[in-house]
Amino acid sequence: MKELIFTSPFFGIAVSIFAYALGVAINKKTKIALFNPLLISYIIIIALMLALDIPLEYYNNGGDIIDMFLSPATAVLAITVYRQRHVLKDHLAAVIVGSAAGSVTSLCTVFLLSKAFNLEEIIFNSLLSKGITTPMAIAVSESLGGIEAITVLAVIVTGVGGNIFGPVLIRIFRIKSEIAQGMALGTASHAVGTSRAIELGEVQGALSSIALVLTGIITVILSLIVFV
């Protein structure tokens, strides 16, 4: 009976929804940036699986169904972009240059740190696409012969880190421009950062969505040209 419950796709889906809902509730109650809903949900799910000794493949029966909607959910951000298309038109050059700068910075950072810590090539290939959204990152990692699990972990850490600390850095450096705020979050922390950008405002959300897409495209092209 226990195995029947855990192997059901509804188990992975229900646990994910419950963990995230609890994370949102804790975040709203405490209003502490470190208590990010995604981060809390990760901790809850991992702790539950360890405590009950649930194999990963059991959770993935439902988790894979949620993962299937990741790409369509990213595509829905196009609605926000469309609403703010006049902003994109007025600042097209800045958006393209900003996205390119973010992509190059991310790639160079991974390259230099990998050399500094003498990481194996397979680890380097796994970390190279950490700055772009998960579907693109996995595709790049697979093309370069990286390890998907490491790539996903790197993307999660990058996204959650940007979601938590992005607004803090915006305040510290007194970035007043809504366009710059959105570009920074989308370029540095992809979809998870974009979710925070949307909370800051519609302009920030739109520019973050645009930056997310452009940075992903530029990173994919540069990775496959330079590092293959």
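The values are calculated or read from the model by the stated rules, or taken from the named source; none is laboratory data. Being a predicted model, the structure only gives us computed values, none of them experimental. Glycine gets a Cβ as well: all are built from the backbone with ideal geometry, and neighbour counts include every protein chain shown. The accessibility values were calculated without ligands, DNA or RNA, using every heavy atom of the protein model including side chains. Shrake-Rupley method; radii C 1.70, N 1.55, O 1.52, S 1.80 Å.
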**Asked** List, please: which pairs have Cβ atoms under 7 Å, are six or more places apart or on different chains, and start with a residue in the stretch 6-30 that is farther than 20 Å from Asp64 by Cβ and end with one that is in a helix (DSSP H, G or I) and hydroxyl-bearing (Ser, Thr, Tyr)?
**Response** Gly23/Ser41
**Message:** Please determine whether any residue of the stretch 45-59 is closer than 19 Å to Val192 by Cα and either at pLDDT below 90 or open to solvent by 60 Å² or more (accessible area, probe 1.4 Å) (or both).
**Reply:** no
**Message:** Could you go through the stretch 120-128 and let me know if any residue there is touching a residue at least 40 places away in the same chain (Cβ under 8 Å) and either part of a helix (DSSP H, G or I) or over 22 Å from Asn36 (Cβ atoms) (or both).
**Reply:** yes
**Item:** Any hit, the stretch 174-197, residues being in contact (Cβ under 8 Å) with a residue 40 or more places away in the chain, surrounded by fewer than 22 Cβ atoms within 10 Å (Cβ to Cβ) and among the acidic types (Asp, Glu)
**Value:** no
**Item:** Residue tally, condition more than 21 Å from Gln204 (Cβ to Cβ) and outside any helix (DSSP H, G or I), over the stretch 35-80
**Value:** 6
**Positions within the stretch 5-41 being open to solvent by 70 Å² or more (accessible area, probe 1.4 Å) and under 18 Å from Asn60 (Cβ atoms), in sequence order** = Ile5, Phe10, Ile17, Phe18, Tyr20
